[in-house]
Amino acid sequence: RSAPWDYHLRHAHRRTGRRRSFVCPGPLSAGNAGKFFEYLSADKPIVCTISGDASESALSQAIREHGLGVCFEQANESIDFPALCAYLECQYTCFVSKSEVDFQPDHKYIQQFSYEKIAEQFYRLIKP
């Protein structure tokens, strides 16, 4: 049986024309690291799910330590699943009541991955 907010979360972007969060699959690796940094630049909460038996991935640590959203790791299911449900219920309640979602990220952490900062670092590497 699906949660009461499941349908609304999956279809909310059709009604509002925008998404309120991003779903980021998997651990931080070459395949999805770019997606994570793109999600950071959007300044929206990240909902991350990680399957497998490895726990405390770099991605989950970054999300938790810097207030970027919520991360569910299958290896920590007994702790992470209730936390994921509570997070989604809180965000759904905000959505239904048309109030701002609960999102207070560490902007200093996010800023270090902005295109402006990356371009500046790249320029320092290639400048004669």
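Coordinate-derived values only; no laboratory data. Bear in mind the structure is a predicted one, so any value in this text is a computation, not a measurement. Virtual Cβ from ideal backbone geometry, glycine too; neighbours counted across all protein chains shown.
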(Q) Using a Cα-Cα cut-off of under 23 Å, which lysines could be cross-linked to residue 127, ignoring same-chain neighbours fewer than 8 residues away? (A) 117
Q. Is the shape of segment 41-128 best called rounded, prolate or oblate, per the rule: a/c under 1.5 gives rounded, else a/b larger than b/c gives prolate, else oblate, with a ≥ b ≥ c the square roots of the Cα gyration tensor eigenvalues?
A. oblate
Q) What residues have an amide H closer than 5 Å to that of residue 49, excluding those fewer than 5 places away on the same chain, when H is modeled at 1.01 Å from N in the peptide plane? A) 24, 26, 72
Q: List the lysines whose Cα lies under 26 Å from the Cα of residue 98, skipping any in the same chain that are fewer than 8 positions away.
A: 44
Q. Dipole of segment 30-74, Cα-centred, from +1 at each Lys and Arg C-beta and -1 at each Asp and Glu C-beta, to the nearest 20 debye?
A. 140
(Q) Given 10 °C and 1.306 mPa s, compute D for segment 30-90 with the Stokes-Einstein relation, Rh being the Kirkwood radius over Cα pairs; round to the nearest whole µm²/s. (A) 133
